[in-house]
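Note sheet for the following structure.
No value in this document is a laboratory result; all are computed from the given coordinates. Source: prediction; values computed, not measured. Every residue, glycine among them, receives a Cβ derived from its backbone with ideal geometry; neighbour counts consider all protein chains shown.
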Amino acid sequence: MEKHFIVPDVIQKLPKTVLKVTFNSGVVVDQGNELTPTLVKDEPKVEWEADPNKFYLLCKTDPDAPSRSEPKFREWQHWLVGNIPGSDVGKGEVLSEYIGAGPPKGTGLHRYVFLVYEQPSELKFDEPRLKKTSGDNRGLTSIQKLAEKYKLNDPIAANLYQAQWDDYCPILYQQLSGKN
């Protein structure tokens, strides 16, 4: 993950643990491997060593919006789930519904970073709830600032993949426009 400059572009310190992220297609995220938007369009299974008596926050973010060379919308929020009991993501509070990768055509590889933070307790989040049918309020977010706001320490686990435009991207753009 260091070679992909997740520090300092997204977080200040890399966690010691690699997050296990597996898509329905059987594709596994592996510290910067290249995957297609078609392969990562559906919500993955995410696993980490968790204390069943604690709560966690999971995010997926793209620091390269609209491109790595000009990231004026850094970061673009693709998924945010808080108050996850143990590692049961399905029982967490969905703050931002999952959307797949959608790098604009001709912008090259984008990094898609998954992070997990341990929460100090169950939290009351005041972030807007984002549906997968809207791109509103997803750009110019910062997981680092969110972590500071809720007094979370450094992430405990992380992983990332890279993707560039493919034929699925226009379908995702249609979904995000709310006109599908």
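Just for the range 12-28: of the residues that are among the hydrophobic types (A, V, I, L, M, F, W, C) and touching a Leu at 6+ places or on another chain (Cβ under 7 Å), which one is surrounded by the most Cβ atoms within 10 Å (Cβ to Cβ)? Checked the range 12-28; the qualifying residue surrounded by the most Cβ atoms within 10 Å (Cβ to Cβ) is PHE23.
Screening TYR98, TYR161 for residues that are touching a strand residue (DSSP E or B) at 6+ places or on another chain (Cβ under 7 Å), of a type in the set (Ser, Thr, Tyr), surrounded by fewer than 19 Cβ atoms within 10 Å (Cβ to Cβ) and within 25 Å of LYS45 (Cβ to Cβ) leaves exactly one candidate, TYR98.
Checking each residue in the range 32-48 for being part of a loop (DSSP other than H, G, I, E, B) and in contact (Cβ under 8 Å) with a residue 60 or more places away in the chain picks out GLY32, LEU35, THR36, PRO37, THR38, VAL40, LYS41, TRP48. Residues in the range 14-36 that are within 16 Å of the chain's Cα centre (by Cα), among the polar types (S, T, N, Q) and closer than 16 Å to GLY100 by Cα: 3 in all. The set of residues from the range 55-78 being crowded, with 23+ Cβ neighbours inside 10 Å and touching a residue at least 60 places away in the same chain (Cβ under 8 Å) comprises TYR56, LEU57, CYS59, THR61, ALA65, GLU75, TRP76, GLN77, HIS78. Within the range 147-175, restricting attention to residues that are farther than 23 Å from GLU34 by Cβ and touching a residue at least 24 places away in the same chain (Cβ under 8 Å), the residue that is farthest from the chain's Cα centre (by Cα) is LYS151.
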